[in-house]
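Pasting a structure below so you can have a look.
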Amino acid sequence: MKNSPISVAIDGPSGAGKSSLARKCASAFGFLYADTGAIYRTVGLAAYRRGVDRKDSAAIEKMLPAISVSLRYNEEGEQRMFLDGEDVSEEIRKPEISICASDVSALPVVRSYLMQTQRTLAKENNVIMDGRDIGTVVLPNADLKIFLTASPEARAQRRMKELQEKGIPCVFEDVLKDILYRDEQDSSRAAAPLRRADDAVLVDTTELNFDESFAAISQLIIERFCLQPDADNGVSPV
Ligand code: DC
């Protein structure tokens, strides 16, 4: 086993299941789970609350030194996001904040503002980090890179279920529209667009349920690092 911390980068479009799969894998293998989307969401929420135009780079740049974005892990190993000291972990999940996050994440000034936070997490911990540019920009030397994807319809279905479970009302067409908007914006932006790193393993979960997707990713981790998951989080064969 190498001496420096291990990093696993999981990138892919919205709703591919990155966060739930990364969270479960992190728990199974004893890694820290770093959800970088949550960090962008917190900046998006700050712009939303302050009424700052999310596409105006100069205005956002002016806002950044006036806000405090931080993350902490609670005793269960759950990442919590704080904006100016307030726990906003639930609020950043609202659909309107997803769009704000996508908007501000297209700005290079926001991306460089958040770079150090992400790299420090990986420098100090064995980490499974999910996002859009982790394998391409944030951790280009990650020990394992996975590009997780699924069809837009499958992703919209899953997002619907997630929102409904949280009691957030939603309509399939609107959820699909949001997914397509974010796909387009996240992939076509000039700054760190969503793309598969040349050395990333492609995992398409359109036809896989959660357990099958989890087993596929776990298998990659087992093979790459010769690690075994915690028995309590058993991995069934693919
Ligand atoms: O993963 P998510 O849906 O919570 O991410 C919210 C937005 O943040 C998404 O539209 C794209 C952006 N994002 C990004 O640009 N780079 C990352 N590493 C993570 C998220």
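Any lysines with Cα under 18 Å of the Lys94 Cα? List them, leaving off those in the same chain fewer than 8 positions away.
Lys18, Lys161, Lys166, Lys177
Now, a different point. Largest first and in whole Å, give the semi-axes of segment 78-152's equivalent ellipsoid, each being the square root of 5 times a Cα gyration tensor eigenvalue.
22, 17, 14
Quick one: what do you get for segment 8-111 if you divide its Cα Rg by 2.2 N^0.38 Å? Working shown, then result.
Details: Rg = 14.1 Å, N = 104, 2.2 N^0.38 = 12.8 Å.
Ratio of Cα Rg to 2.2 N^0.38 Å: 1.10.
What is the antiparallel percent of DSSP beta bridges lying wholly in the chain, to the nearest 5?
30
Still on this structure: Sorting Asp35, Asp84, Asp56 by accessible area (1.4 Å probe), largest first, what list results?
Result, largest first: Asp84, Asp56, Asp35.
Please report, in debye to the nearest 20, how large the charge dipole of segment 1-122 is about its Cα centre when each Lys and Arg carries +1 at its beta carbon and each Asp and Glu carries -1 there.
320
Percent of Cα-Cα pairs per 5 Å bin, from 0 to the last occupied bin, for the chain, please list those.
Histogramming the chain at 5 Å steps yields 1, 6, 14, 19, 21, 18, 13, 6, 2, 1, 0 percent.
Next question, about the same structure. Nearest 10 degrees is fine. How inclined is helix 18-29 to the longest principal axis of the chain, computing both from alpha carbons?
40
Taking the Cβ of Arg50 as the centre, find all other residues whose Cβ is under 13 Å away and add up their charges (Lys, Arg: +1; Asp, Glu: -1).
0
How tilted is helix 152-165 with respect to the longest principal axis of the chain? Cα atoms for both, answer in degrees (0 to 90, nearest 10).
So the helix axis and the longest Cα principal axis differ by about 80 degrees.
At what distance in angstrom do the alpha carbon centres of segment 62-107 and segment 171-231 lie from each other?
Taking the Cα centre of segment 171-231 as reference, the centre of segment 62-107 is 21 Å away.
Under 5 Å between amide hydrogens, which residues at least 5 positions from Val201 or on another chain qualify, with H placed 1.01 Å from N in the peptide plane?
Counting only residues 5 or more places away or on other chains, the set is Lys145, Ile146, Phe147.
Let me ask you something else. Can you give me the long-range amide H partners of Asn126? Hydrogens built in the peptide plane at 1.01 Å from N, cutoff under 5 Å, separation of 5 or more residues or another chain.
Answer set, sorted by chain and number: Ile6, Leu32.
If you keep only loop residues by DSSP, which GluC sites (Glu not before Pro) in segment 28-118 have at most 10 other Cβ atoms within 10 Å of their Cβ?
Values: sites: Glu61, Glu75, Glu76, Glu78, Glu86, Glu90, Glu91, Glu96; in loops: Glu75, Glu76, Glu78, Glu90.
Sites meeting the loop and neighbour criteria: Glu75, Glu76, Glu90.
How high is the relative contact order of the chain, in percent, counting Cα pairs under 8 Å that sit 6 or more residues apart?
Across the chain, relative contact order equals 31 percent.
At a 1.4 Å probe radius, carbon and sulfur cover how many percent of the accessible area of segment 49-144? Walk me through the numbers before you get to the answer.
Values: 2190 of 4650 Å².
Taking all protein chains in place, segment 49-144 shows 47 percent carbon and sulfur surface.
Roughly how much of Val201 is accessible, in Å² to the nearest 10, using a 1.4 Å probe?
Taking all protein chains as shown, Val201 has close to 40 Å².
Rounded, prolate or oblate: pick one for segment 137-179, where a ≥ b ≥ c are the square roots of the eigenvalues of its C-alpha gyration tensor, a/c under 1.5 means rounded, and failing that, prolate if a/b is larger than b/c, else oblate.
prolate
Looking at segment 139-238 from every direction and averaging, what is the projected area of its Cα convex hull in nm²? Spell out each step's value before the answer.
On the way: hull surface 33.1 nm².
Computed as one quarter of the Cα hull surface, the answer is 8.3 nm².
Would you mind working out the accessible area per residue for segment 131-216, using a 1.4 Å probe, and quoting it in Å²?
52
The values are calculated or read from the model by the stated rules, or taken from the named source; none is laboratory data. Remember, it's a predicted structure, so these values are computed and weren't measured experimentally. All Cβ positions, glycine included, derive from the backbone under ideal geometry; neighbour counts span all protein chains shown. Only protein heavy atoms, including side chains, enter the accessible area calculation; ligands, DNA and RNA are left aside. Shrake-Rupley method; radii C 1.70, N 1.55, O 1.52, S 1.80 Å.
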